[in-house]
Amino acid sequence: MKRIKNSSLLLTGLLGLAATESCSVHQEEVKPNILYFLVDDMGGMDAQYLGSDFYETPNMDKLASQGVKFTNAYVSHPRCVPSRYSIMTGKYPARINRPGPGKMKLEEVTVAEGLKGAGYSTFFAGKWHLTMGGESMPENQGFDYNIAGGNAGAPISYFYPYNSPAHHQFKTPILGLEDGYEDEYLTDRLTAETIEYLKQHVDNHPDQPFFAFLSHYGVHEPFHAKKEYIEKFKKKLDSIEFKQPEFIRESHGYTKMRQDNAEYAAMLYSVDESLGRLLKTLEDLKKMDNTIVVFYSDNGGLSNTGTEVRPLATSNYPLRAGKGHLYEGGVRVPLVVKWNGVTKPGSVCNALITGTDFFPTFLEASGMSLRPQDHLDGQSFLWALKGEQNPNPQRAIYWHNCLARPLRTGDYNSTAVRRGKYKLIDFYLKDSLELYNVEDDIMESENLADKLPEERDELLQLIQHWRKNVNANMTMKESKSTVKEYNH
């Protein structure tokens, strides 16, 4: 299959870029390749290595046994667009300071643009969702190749043809995948496109490093999966005895407490297969030993609903709540990084890592100078990959949710900070504070705000100072109109 040559979104002449020779990497200056594997809406407990008894994720589990597992890995926002903004820019999305979750402006400098300055070939496939039809498309933000990245936040269909039926709730078409075959599955298609890029790039420019960013639409709703995999997990459900109730009341709605959605499990199984195929490709191309492999999710699993009735994907239990919330279930996600010869197989790092940190980490790993004026909030964690001592053990990380959706996911406007073992959530429209020791109380079941007033007040001061520093938007109200406008 040679679809990458024919994709309508492939930039012309990029495999033969004249600039390639001028930025080719000399043998003594070998830079690591980077494969960034991003899953959409995968929860912090949605793999066997994370403790799931229902999902089957052999390739994720294998990668976790071969690389560094980050047990305190977070996203910078519990929803897709703001989270992806921070990955690309190294900035907290609260800096955008405008209604709506941060669509990226063209003048932003992305991690892809930074790596191009180090001589990298850059490839993007899948969900972009950082533009509403403007100029800030992947090909204008540092990516030489763009396959299927545009406005869409979710597919109309996971099966070809991907843009029908037109009356589906997700009405934004995915451009560039107009060709295909009957029953072709979107997760498989994006995987094939990425593999084709890797093969062609290695064949044509074996000495040039690559940055390949596969941003899966899975496992975001709608829940479409291969029939044989759905049946597989339906049968598995028959043998599982659940200890938790199906739902509990939470915030403005309900939280799902069981991992029992066979369609979602089947979608996750396909994403896991994708990871396995890509890792095998790196092995076959003899590129694994010099490739940084990153496996990450853009926010917590969809486990919550407000007063609107909607199907839910997963349970993040024992993490509290899920997508949309600043509780652990909404912001703590899987992160594994493997770099042969650098990372120690099966090692664990408990440092606080968030979505802003990839940009500076990749620059440092490639031997480039950091660009703090661009990745304002990111901190390199190359030290963690090397197994070195944490240079900033008292680092504070922040979240700001100024566009809550009490009807869709049951969350409220809030700001949060975590420093050390404590996390404070400020529900600023409700004048309510919640303080948790998330090391000892991962379920966030005991609010310590009244018991530890000094810690509470100190963290609140951090929040107030940070909001002022980033000019965070504090004017948005929780309303039905905002729920409708930004419902992904």
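The values are calculated or read from the model by the stated rules, or taken from the named source; none is laboratory data. Remember, predicted model here, so these are calculated numbers, not experimental data. Don't worry about glycine lacking a Cβ; one is built from the backbone with ideal geometry, like all the others, and counts go over all protein chains shown. Protein only, heavy atoms only, side chains kept; ligands, DNA and RNA dropped before computing areas. Shrake-Rupley method; radii C 1.70, N 1.55, O 1.52, S 1.80 Å.
Kirkwood Rh and Cα-based Rg: tell me the resulting Rg over Rh for region 193-261, rounded to two decimals. Write down the numbers at each step before the final one.
Numbers: Rg = 20.5 Å, Rh = 16.6 Å.
Ratio value, two decimals: 1.23.
Identify the trypsin sites (Lys or Arg not before Pro) of region 262-318 meeting these criteria: DSSP loop state and at most 12 other C-beta atoms within 10 Å of the C-beta. Walk me through the numbers on the way to the answer.
Working: sites: 277, 280, 286, 287; in loops: 286, 287.
Sites meeting the loop and neighbour criteria: 286.
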Once phi for every residue in region 45-59 is put through the Karplus expression 6.51 cos²θ - 1.76 cosθ + 1.60 (θ = phi - 60°), the whole-Hz ³J(HN,Hα) values, with Gly and Pro written as x, are 10, 8, 8, 5, 5, 8, x, 6, 9, 10, 6, 10, 9, x, 6
Rounded to the nearest percent, how much of the accessible area of region 227-346 (1.4 Å probe, protein heavy atoms only) is carbon and sulfur? 50
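As a test of understanding, state the convex hull volume per residue of region 67-214 from its alpha carbons, in Å³. Intermediate values should be presented prior to the final figure.
Details: hull volume 22.0 nm³, N = 148.
Cα convex hull per residue, to the nearest whole number: 149 Å³.
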Calculate the spin-label point distance for residue 248 paired with residue 181, positioning each point 7 Å from the Cα along the beta-carbon direction, and give it in nanometres. 4.8
Gyration tensor (Cα only) of region 147-199 to equivalent ellipsoid, semi-axes in Å sorted down, yields 20, 12, 8
Taking only the Cα positions of region 238-323, the convex hull volume per residue in Å³ is 134
Relative contact order (percent) for the chain, with alpha-carbon contacts under 8 angstrom and 6 or more residues of separation? 22
Region 287-330 - Rg and Dmax from Cα coordinates, angstrom: 15.0, 50
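Please work out the FRET efficiency for the pair residue 442 and residue 369, using the Cβ-Cβ distance as r and a Förster radius of 45 Å; give the result to the nearest 0.05. Walk me through the intermediate numbers first.
On the way: r = 38 Å, r/R0 = 0.84.
Efficiency, rounded to the nearest 0.05: 0.75.
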Using the Karplus curve 6.51 cos²θ - 1.76 cosθ + 1.60 with θ = phi - 60°, work out ³J(HN,Hα) for each residue of region 225-239 in order, rounded to whole Hz, and write x for Gly and Pro. 9, 5, 4, 5, 6, 4, 4, 4, 7, 4, 5, 5, 4, 4, 9
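Please say if region 120-165 is rounded, prolate or oblate, where rounded means a/c under 1.5 for a ≥ b ≥ c the square roots of the C-alpha gyration tensor eigenvalues, and otherwise the choice is prolate for a/b larger than b/c and oblate otherwise?
On the way: a/c = 3.31, a/b = 1.68, b/c = 1.97.
Cα axes put region 120-165 in the oblate bin.
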Accessible area of region 109-260 divided out per residue, in Å², using a probe of 1.4 angstrom: 39
Of 190, 216, 230, which is farthest towards the positive pole of region 189-302's charge dipole, taken about the Cα centre with +1 and -1 on the beta-carbons of Lys, Arg and Asp, Glu respectively? 230
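Sorted by mean Cβ packing within 10 Å, highest first, what order do the peptides 227-234, 414-421 take? Walk me through the numbers before you get to the answer.
On the way: 227-234: 15.2, 414-421: 20.5.
Ranking the peptides 227-234, 414-421 by packing returns 414-421, 227-234.
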Rounded to the nearest percent, how much of the accessible area of region 63-161 (1.4 Å probe, protein heavy atoms only) is carbon and sulfur? 48
Pop a pseudo-label 7 angstrom from the Cα along the beta-carbon direction at both residue 388 and residue 350 and give the gap in nm to one decimal. 2.2
In range of the label at residue 396: residues from region 445-468 whose backbone nitrogen is under 13 Å from the point 7 Å along Cα→Cβ: 455-468
A correct Karplus calculation of ³J(HN,Hα) over region 162-168, with 6.51 cos²θ - 1.76 cosθ + 1.60, θ = phi - 60°, whole Hz and x for Gly and Pro, returns 6, 9, 9, x, 5, 8, 5
